[in-house]
Every structure is written in structure tokens, then in C-alpha cells.
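Here's the structure, in C-alpha cells; my notes come after.
The values are calculated or read from the model by the stated rules, or taken from the named source; none is laboratory data. Since we're looking at a predicted model, the values are computed, not measured. Neighbour counts run over all protein chains shown; Cβ positions are idealised from the backbone, glycine included.
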């Protein structure tokens, strides 16, 4: 419903501004530009999906090897002690624990297709111990806030889109996205724990949160003080870690006697099917953004935002070109993706704006959509503070994404 309103709104804004330019400014070409942009955007949507196919086949194949090799189960076991402490209302050995751990693990690995069914199963299991069936329980809120904060180890889709646009280094956003999603998740956990009076100073929680936070903050402080290491860390560290994960998946597959080649082929087939399925969605959102841009509405929005930031004393405004991605991400994943591709198309995939847009796209989940689907699946109408804290986590992820983008990618003057 929300995406429907956004889509209609973009067309109506284009119509109103187009009439204004025609009647008051005498721009007789404005509607020709709008119609031309419709066809250009539709063609672009198809081309992107076509170029995206190879990258999606690659990563879906790798993910299939990891899934069959037991990577999801390993991640679930690693984080189980921590999640047990932040879900105190869920009885020990309750089926919800397993479903939640598997869902979180699948999300971390970018396995969207596997993550959603597991998430819906987790919500149904949590609903069985929910005393008020139309009201979100504490455990359900914690689960969904962590889900919407979108902690991601491998941002498969973002790297695939960068590849489709011919990026010189599709994986350069690997570490920035990991850092941004970590801060989004951290803020989400802290905020929900405060509301639910969960003691975050328990030894197990401190061990997990403290060690990861110390590593991330230490890395950021070190890179801030030693900027000459930013490029080596981004190029060598990020890519080495990424390739090591791939090797680890293969080793897991061999250890479990999985036919690794066949597993890759099975996953790659899913990537091909996914590329075909997204063509209508890409075309739909890109034509709406195209007409919005054709009448100058996008330029007006971005320039107005820059002027406001400058007026309030903000020195660096280069990130504003990518800001539509951040605005749309909590509302609609498809719209945010379309905005990211628009930035790639306008500024270049390897431009600073392009890298910020890619980092923003991977920094959080589509909060309102996830809450609607997950709560709707179990008939919950009273969501309590889930939306507010989910959006707060999104804001933390967006701010972190902008900060690490400047740290990793920005070169002044």
C-alpha cells in the first residue's frame, strides 16, 4: 500500500510540475521530456536486470554452498547464548529459539529467500507464548527490531548491483556496510533493552556486544588516526575476508560431503530466476523516478536539502546526492533500490555519491514493510513501540553509513 502511494505520488508530482513549467515558464518540451524518460527508464530497468544476472548467479551459487554446508547452523550456534539472554521471556529450548537464530543467520549471509520463511515461522512460534494475541510481545518486538536493523555480513544484492554497473571494485562497500549495520543493530538492542528493562551488563551480553563493539570502534579510531591505512584495509582486508568466507563455505561443503559444484549450479539457477522476477519491479520504480527527475523535482529536492544543511552549518554536503536512498529505505526496499540505481546512473557507480548510496542501501532493512508483513502474519494490530525503535535503529544505521563512507571513500578537494 505504501509503495503504491509513493509510486502514484511521483507521477502526480511530475504532472503538476510539468503543467507549471508549461503554463508559467513556457517550457513546451517538458512533456516530451517526461514521455521520453518513460521509455529510457523502462529500457534501463531491463538492461540492469540483464547485467545483474551474472552477479546474482555467482553469489546465489556461493550462498547455496554455504547453506548446504551448514554455515547457517554454525552462525546460529555461535550467537545462541547471546540471543537467549536478550529474549528472557522465551522458555529455554522453545522452538522459537531455533527459528529466530536461523532467521538472523540467514539475514547475516544475505539469504533473503531463506530468511523470510524462517522469520515468519519464528513469529508464529513467538505468538504461541504471547498472552495478548493482538498485541506485540516483548520478544516479538526485540526480534523484529533486530530483523529490521539488518546486520549483514555479506551484502550480496548491493555488490551484485555494483557489478552490473561495471564497478571497478564491487566489494569496496563490504566493510562500510558491515560497520553501519552493526551500529544499527547495536542501537536497536540497547533501545529495546532499556524499554524492556533487560540487563545489558550480564557477562554473556557484555562478552558478545563488548568484544564486537570494541573491535568496530577500535578499527574506526585506528583508521581515523591513520588514514593512510584506509585504502589497504578496504582493498586487502575486506576482499581477503570476503574470499575467506567463500573458501570457508566450500570447506564446509566438502566436509559435509556436499557436491559443491552441483550446489553452486542449483543456487545459480535461483539467481537467474531472481533476475527475471525483478524486471517488472525495476521497470516500475525506475519509470516513476524517471518522470520525477525529468521535470526537475529530484534536483529541486536535493538542492533544497543542501541549502538547508549549509544554512544550519553543515560543512560537508556531498552525501546529499545519495540521501533519497536513506529516505526511501525504511519505507520501501524497491524504491530505495531504484534511488540507488538513479544515483549510479547520474553520478557513476564508483563516484562518492554512488558509494554512499550503496552503503546506505545495505545499512538497514525495509522497516515498515518488515513490520507489516511479520506482524500481519500473526494478526497483531497493536505494535507498541516497535515502529519507533525500528526507525531509530534505521537512523543510527544511516548516520553510521554516511560517516564510514566519508572515512573510507571521501577525498577532499
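Here are some notes:
- Condition check for residue 377: in contact (Cβ under 8 Å) with a residue 40 or more places away in the chain, buried (at least 23 other Cβ atoms within 10 Å of the Cβ) and under 24 Å from residue 192 (Cα atoms): no
- For residue 152, the criteria (1) exposed (fewer than 15 other Cβ atoms within 10 Å of the Cβ); (2) part of a loop (DSSP other than H, G, I, E, B) hold in every case but one, which is (1).
- Unique match (being closer than 29 Å to residue 16 by Cα, at pLDDT 90 or above, in contact with a helix residue (DSSP H, G or I) (Cβ under 6 Å, 6 or more places away or on another chain) and surrounded by 20 or more Cβ atoms within 10 Å (Cβ to Cβ)) among 325, 356, 349: 325
- Close pairs (8 angstrom Cβ cut-off, 6 or more residues apart or separate chains): free of Cβ contacts under 8 Å to residues at least 60 places away in the same chain in the range 228-249, surrounded by 11 or more Cβ atoms within 10 Å (Cβ to Cβ) anywhere: 229/222; 229/223; 233/175; 233/219; 233/223
- Positions within the range 290-305 being farther than 14 Å from residue 319 by Cα and touching a residue at least 12 places away in the same chain (Cβ under 8 Å), in sequence order: 290, 291, 292, 293, 294, 295, 296, 297, 298
- Each residue in the range 282-317 was checked for being assigned to a helix (DSSP H, G or I) and either in contact with a strand residue (DSSP E or B) (Cβ under 8 Å, 6 or more places away or on another chain) or closer than 28 Å to residue 19 by Cα (or both), and 25 of them qualify.
- Within the range 122-140, the set of residues being surrounded by 19 or more Cβ atoms within 10 Å (Cβ to Cβ) and touching a strand residue (DSSP E or B) at 6+ places or on another chain (Cβ under 8 Å) comprises just one member, 136.
- Qualifying residue in the range 220-230 (condition: farther than 24 Å from residue 339 by Cβ, part of a helix (DSSP H, G or I) and under 20 Å from the mean Cα position of the chain (by Cα)): no
- Test: residue in the range 235-254 that is farther than 23 Å from residue 54 by Cα, crowded, with 17+ Cβ neighbours inside 10 Å and modelled with pLDDT of 85 or more: yes
- If you filter the range 214-226 down to residues that are over 25 Å from residue 82 (Cβ atoms) and without any contact (Cβ under 8 Å) to a residue 60 or more places away in the chain, you find that the one that is surrounded by the fewest Cβ atoms within 10 Å (Cβ to Cβ) is 225.
- Only listed residue being under 27 Å from residue 144 (Cα atoms), assigned to a helix (DSSP H, G or I), in contact (Cβ under 8 Å) with a residue 60 or more places away in the chain and out of contact with any strand residue (DSSP E or B) (no Cβ under 7 Å at 6 or more places or on another chain), chosen from 185, 211: 185
- Checked against (1) under 23 Å from residue 146 (Cβ atoms); (2) in a helix (DSSP H, G or I), residue 379 passes all but a single condition, namely (2).
- Conditions (1) more than 21 Å from residue 288 (Cβ to Cβ); (2) at pLDDT 90 or above; (3) touching a helix residue (DSSP H, G or I) at 6+ places or on another chain (Cβ under 7 Å); number of the one not met by residue 23: (3)
- Flag: residue 119 matches the condition of being in contact (Cβ under 8 Å) with a residue 12 or more places away in the chain, under 19 Å from the mean Cα position of the chain (by Cα), under 21 Å from residue 74 (Cα atoms) and crowded, with 23+ Cβ neighbours inside 10 Å.
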